[in-house]
């Protein structure tokens with residue numbers, strides 16, 4: 001039975017790990033065990049933060065809408081409630097973009113929300 005030689009595959013594995021761990025501090029980029037652990041943690045952080053990024057972006061949209069709504073004498077929650085009562089179906093991404101780029105357009109939406117709340 002022939003012997004299995006694994007020098008090439010082992011070297012490739014270490015080379016790939018060294019490339020992935022490039023730039024890390026201390027043993028995280030120098031020792032094999034350090035590289036292995038650091039890359040594993042980095043992949044876990046990347047997985048987690050791809051989801052947290054969505055949370056952060058949504059929070060930014062809400063802050064922008066709240067700031068623009070308060071400039072029109074409404075809080076965020078009353079503004080959103082007024083839009084829902086008025087039947088305006090714009091999501092937070094679009095509302096935040098309107099608040100950021102078009103103050104007059106957002107003021108018109110605020111008036112629509114105020115009228116719906118009064119009725």
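What follows draws every value from the coordinates through simple rules; no lab data is involved. Please read all numbers here as calculations on a predicted model, not as lab measurements. Methodologically, a virtual Cβ is constructed for each residue, glycine included, from the backbone with ideal geometry; neighbour enumeration extends over all protein chains shown.
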Item to complete: Return one number: the angle in degrees, 0 to 90 and rounded to the nearest 10, between the long axis of the Cα atoms of helix 103-118 and the longest principal axis of the Cα atoms of the chain.
Response: 60
Worksheet item: Helix 76-86: angle to the longest alpha-carbon principal axis of the chain, degrees 0 to 90, nearest 10?
Response: 60
Worksheet item: Once both labels are modelled 7 Å past Cα along the beta-carbon direction, what's the residue 14-residue 32 spacing in nm?
Response: 0.5
Worksheet item: If you rank 109, 117 by fewest surrounding Cβ atoms within 10 Å, what's the result?
Response: 117, 109
Item to complete: Identify which of 83, 60, 17 has the largest mean-square fluctuation in a Gaussian network model of the chain, with springs joining Cα atoms closer than 10 Å.
Response: 17
